[in-house]
Structures are given as C-alpha cells and as structure tokens.
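J.: Let me begin by handing over the structure; questions about it come next.
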Amino acid sequence: MKNFLAITILGTVLSGSLALANEMAFDDYYRGLEAHDTGKYAEAVIWYYKAVKQGVAIAQFKLGSMYVAGQAVSRNYISAHMWLNMAGLQGIEIAKTKMNILEKRMTASELEEARRRAKICLNSNYKNCD
C-alpha cells in the first residue's frame, strides 16, 4: 500500500511538472505570436526559438515560415524545411503543404541537408537543431 501511495504521489508530481513545462512552452509561443503580429519579427524569432526547442509544433511552423520569407532571419530554405518538417511530423497539416511547395524551390542537395538536420533535431528532442 505504501508503494502504491508513493507511486501515485510521484505520478501526480511528475504530471504537474510536465503540465507546467508545457504551459511555459506555450507562453513562449504566444509571446512570439504577439511580437510577430505587431511586426516585431526579431523578437518573435527569439520567443519562437524558445518554444520550438520545447517541441511546440505551431511555433515550429511559424519559425519555418519566417525562414521561407526571410523575416528577421536570412531566407534559408534548409532551415525552413527542417522546421516545417518538424511541425508536419506533429500533425500541423499546413506545414506539410508549405514544405511540399518549398521542396520545388530546393536543390536535391538542399533537400538532403534539410532532412539530415531534421533527423538530428528530432533525435536530440529538439536540442540540436541548428
């Protein structure tokens, strides 16, 4: 009985910690969205990066879109593809569509590099995505 109670308490603490971490990640995304919507693109990139490193799919889509457009970052189709790919893998359908369109503008070597970087990013749980 004591073990069951200890496991239950530990589970509750861990799920609360995960919920708090997830909430903080979305706070970063919303700060980025607010900055983006008011034309503060450089600030948006900072907040989106914080969110993408925590796996927030919609932030990955937004950051990928900023790389496509060259908003506050140099236009970079490899980075754009990587982030759109990450978002698409998490179910953001528009990211998949945008990525497919983007692929038509990329060379075979750029696509290969984008996919290589996406694999590294995913395998590192979004910690090694540069």
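J.: Going by the alpha-carbon gyration tensor, a ≥ b ≥ c the square roots of its eigenvalues, is region 57-129 rounded (a/c under 1.5) or, if a/c is not under 1.5, prolate (a/b greater than b/c) versus oblate?
T.: rounded
J.: Oh, and also: What is the extension gain from residue 109 to residue 23, computed as 0.36 nm multiplied by their sequence separation minus the C-alpha to C-alpha distance, in nm to one decimal?
T.: Once the chain is fully extended between residue 109 and residue 23, it gains 27.2 nm.
J.: Another one. At R0 = 25 Å, how high is the FRET efficiency between residue 30 and residue 89 if r is their beta carbon distance? Nearest 0.05 is fine.
T.: The formula returns an efficiency of 0.70 here.
J.: In addition: For a Förster distance of 22 Å, can you work out the FRET efficiency between the beta-carbons of residue 40 and residue 75, rounded to the nearest 0.05?
T.: Working from the Cβ atoms, E equals 0.70.
J.: When only DSSP loop residues count, what trypsin sites (Lys or Arg not before Pro) in region 33-130 have their Cβ near at most 14 other Cβ atoms within 10 Å?
T.: Passing sites in region 33-130 are 75, 104, 105, 127.
Each value in this text was obtained by applying a stated rule to the coordinates, not by laboratory testing. Predicted model only: the values in this text are computed from it and were never measured. Glycine also receives a Cβ, built like all others from the backbone with ideal geometry; neighbour counts cover every protein chain displayed.
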